[in-house]
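Participant: I have a structure here, written as structure tokens, and I will follow up with some questions on it.
The values are calculated or read from the model by the stated rules, or taken from the named source; none is laboratory data. What you are looking at is a predicted structure, and each value in this text was computed from that prediction instead of being measured. As a convention, Cβ positions derive from the backbone with ideal geometry for all residues, glycine included, and neighbour counts pool all protein chains shown. With ligands, DNA and RNA removed, areas are computed over all heavy atoms of the protein, side chains included. Shrake-Rupley method; radii C 1.70, N 1.55, O 1.52, S 1.80 Å.
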Amino acid sequence: MKIIVLVKQVPDTETKVQVKPGEKAISTDGVTFVINPYDEYAIEEALRIKEAKGGDVTLISAGWDKAAEALRTGLAMGADKAVHLNDPAFLGGDAHSTAVALAKAIKKMEYDLILCGKQAIDYDNHQVGVRVAELLGIPHVAVVTKLELQDGKAVAHREVEGGSEIVETPLPAVITAQKGLNEPRYASLKGIMQAKKKPLEAKKPADVDAAPNEVGQAGAKTTVLTMTMPPERAAGRVVEGEPEDAAKQVVKLLREEAKVI
Ligand SMILES: Cc1cc2nc3c(=O)[nH]c(=O)nc-3n(C[C@H](O)[C@H](O)[C@H](O)COP(=O)(O)OP(=O)(O)OC[C@H]3O[C@@H](n4cnc5c(N)ncnc54)[C@H](O)[C@@H]3O)c2cc1C
């Protein structure tokens, strides 16, 4: 089974991000970057399928130099090799041009199954995986919580409003991972050491037959006009006094100040 996993590097949710005035993306100064959590479920599922059915797992990411760290972490979890679309031309794109870059690279690779996260936790587009399927002309099932593979088909369970849906699709297909699909493993020390020797191939637009104006910012269909931090939350208010008095004060504040009752 030849499995490809899309991996995006994102800021760690624990890390404080800043947007400098006039900038259209977060400042990366002092920011810790990690593998997008939904992609960890995708990597874990790929490794379990490989352990059950044999084959190999290839990770692919479009991103700046530092994105190689996220790929190395995936290799340390147990993936076999990685492809890094690493060129300024690939940067600053939107979901469309990111998917174009990934699909062009994948067209040059062998695959029976493509796994990715349902969303990236920084831009939350929920789009790239599905767009890659569209560009490759293969089916997709999104937001999958359980996956079974049998005889060239995948049976995917996904959450829908008020219940779950079971979808059968021929392979190859793209499956986007939801929380609950599995419990991702941690990379072992042995895995981290082995990852250093595993192949990680950097590619430029020409290597994947992409014209620079098809990918990255040049190929984007949407443009970020402004990016600003959310307003600081006002400090909470402590209401002193006996419970009965305090309750009366709270009702008064909710009615007269917050105007919510
Ligand atoms: C400097 C800068 C400028 C930007 N400018 C714009 C802009 O002008 N307009 C705009 O819309 N966005 C812009 N972005 C956002 C950015 O490019 C988004 O990553 C892109 O739009 C994809 O959307 P998403 O990350 O929300 O992915 P989703 O669609 O939420 O991702 C779903 C899944 O697709 C896969 N995936 C997503 N991105 C990658 C990747 N790079 N490599 C491998 N797999 C991936 C992952 O498996 C992920 O779980 C900018 C980002 C930066 C850093």
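Participant: Would you check which residues across the stretch 4-33 are within 20 Å of the chain's Cα centre (by Cα) and away from the ligand (no atom under 13 Å from the Cβ) and list them?
Facilitator: Passing the criteria: ASP12, THR13, GLU14, THR15, LYS16, THR32.
Results for (1) open to solvent by less than 90 Å² (accessible area, probe 1.4 Å); (2) closer than 30 Å to ALA25 by Cα, shown as yes or no for each residue.
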| site | (1), (2) |
| --- | --- |
| ASN182 | yes, no |
| ARG185 | yes, no |
| SER188 | yes, no |
| LYS203 | yes, yes |
| ASP209 | no, yes |
| ALA220 | yes, yes |
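Participant: Right, something else. Looking only at the stretch 159-179, how many residues end up being within 14 Å of ALA142 (Cβ to Cβ) and in contact (Cβ under 8 Å) with a residue 24 or more places away in the chain?
Facilitator: Summing the residues that are within 14 Å of ALA142 (Cβ to Cβ) and in contact (Cβ under 8 Å) with a residue 24 or more places away in the chain in the stretch 159-179 gives 9.
Participant: Mind checking which residues of the stretch 69-84 are assigned to a helix (DSSP H, G or I) and either open to solvent by less than 10 Å² (accessible area, probe 1.4 Å) or among the small types (Gly, Ala, Ser) (or both)?
Facilitator: Let us first name the residues in the stretch 69-84 that are assigned to a helix (DSSP H, G or I), namely 69-77.
Matches in the stretch 69-84: ALA70, LEU71, GLY74, LEU75, ALA76.
Participant: Being among the small types (Gly, Ala, Ser), touching a strand residue (DSSP E or B) at 6+ places or on another chain (Cβ under 7 Å) and in a loop (DSSP other than H, G, I, E, B) is the filter here, so list the residues in the stretch 119-151 that pass it. Spell out how you get there, then give the answer.
Facilitator: The first filter runs over the stretch 119-151 and keeps only residues among the small types (Gly, Ala, Ser), leaving 120, 129, 133, 137, 142.
If we keep only those that are touching a strand residue (DSSP E or B) at 6+ places or on another chain (Cβ under 7 Å) as well, we get 120, 129, 133, 142.
Within the stretch 119-151, just ALA120 meets the criteria.
Participant: Against the definition (open to solvent by 20 Å² or more (accessible area, probe 1.4 Å), in the same structural domain as ASP56 (by TED's automatic domain parsing) and not in a strand (DSSP E or B)), how does ILE166 come out, yes or no? Before the answer, list the steps.
Facilitator: Details: open to solvent by 20 Å² or more (accessible area, probe 1.4 Å): yes; in the same structural domain as ASP56 (by TED's automatic domain parsing): yes; not in a strand (DSSP E or B): no.
Spelling it out, it is not the case that ILE166 is open to solvent by 20 Å² or more (accessible area, probe 1.4 Å), in the same structural domain as ASP56 (by TED's automatic domain parsing) and not in a strand (DSSP E or B).
Participant: Take LYS8 and tell me if it is over 30 Å from ALA173 (Cβ atoms), in contact with a Ser or Thr (Cβ under 9 Å, 6 or more places away or on another chain), assigned by TED's automatic domain parsing to the domain that holds VAL130 and not β-branched (Val, Ile, Thr). Talk me through it step by step, then tell me what you get.
Facilitator: Numbers: over 30 Å from ALA173 (Cβ atoms): no; in contact with a Ser or Thr (Cβ under 9 Å, 6 or more places away or on another chain): yes; assigned by TED's automatic domain parsing to the domain that holds VAL130: yes; not β-branched (Val, Ile, Thr): yes.
Spelling it out, it is not the case that LYS8 is over 30 Å from ALA173 (Cβ atoms), in contact with a Ser or Thr (Cβ under 9 Å, 6 or more places away or on another chain), assigned by TED's automatic domain parsing to the domain that holds VAL130 and not β-branched (Val, Ile, Thr).
Participant: Please find, within the stretch 34-56, the residue that is surrounded by the most Cβ atoms within 10 Å (Cβ to Cβ) out of those that are of a type in the set (A, V, I, L, M, F, W, C) and within 11 Å of the ligand (Cβ to nearest atom). Reasoning before the result, please.
Facilitator: Step one: list which residues in the stretch 34-56 are of a type in the set (A, V, I, L, M, F, W, C), which gives 34-35, 42-43, 46-47, 49, 52.
From the residues that got through so far, the ones that are within 11 Å of the ligand (Cβ to nearest atom) too are 35, 42-43.
Working: ILE35: 26, ALA42: 31, ILE43: 29.
Per the stated criteria, the residue is ALA42.
Participant: Going by the structure shown, is LYS66 surrounded by fewer than 18 Cβ atoms within 10 Å (Cβ to Cβ) and either within 13 Å of the ligand (Cβ to nearest atom) or of a type in the set (D, E, K, R) (or both)? Lay out the reasoning, then the answer.
Facilitator: Working: surrounded by fewer than 18 Cβ atoms within 10 Å (Cβ to Cβ): yes; either within 13 Å of the ligand (Cβ to nearest atom) or of a type in the set (D, E, K, R) (or both): yes.
For LYS66, the condition - surrounded by fewer than 18 Cβ atoms within 10 Å (Cβ to Cβ) and either within 13 Å of the ligand (Cβ to nearest atom) or of a type in the set (D, E, K, R) (or both) - is met.
Participant: For a quick check of your reading of the model, give me the residue pairs whose first member lies in the stretch 234-248 and is part of a helix (DSSP H, G or I), whose second is surrounded by 10 or more Cβ atoms within 10 Å (Cβ to Cβ), with beta-carbon atoms closer than 6 Å and at least 6 apart or on different chains.
Facilitator: Here the result reads ALA246/VAL239, each pair linking the stretch 234-248 to a residue that is surrounded by 10 or more Cβ atoms within 10 Å (Cβ to Cβ).
Participant: Got at least one residue in the stretch 85-106 being in a helix (DSSP H, G or I) and of a type in the set (D, E, K, R)? Before you say what the answer is, go through the steps one by one.
Facilitator: As a first pass, look at the stretch 85-106 and keep what is in a helix (DSSP H, G or I): 88-90, 95-106.
Checking the rest, the ones that are also of a type in the set (D, E, K, R) come to 104.
So far as the stretch 85-106 goes, yes, one or more of its residues are in a helix (DSSP H, G or I) and of a type in the set (D, E, K, R).
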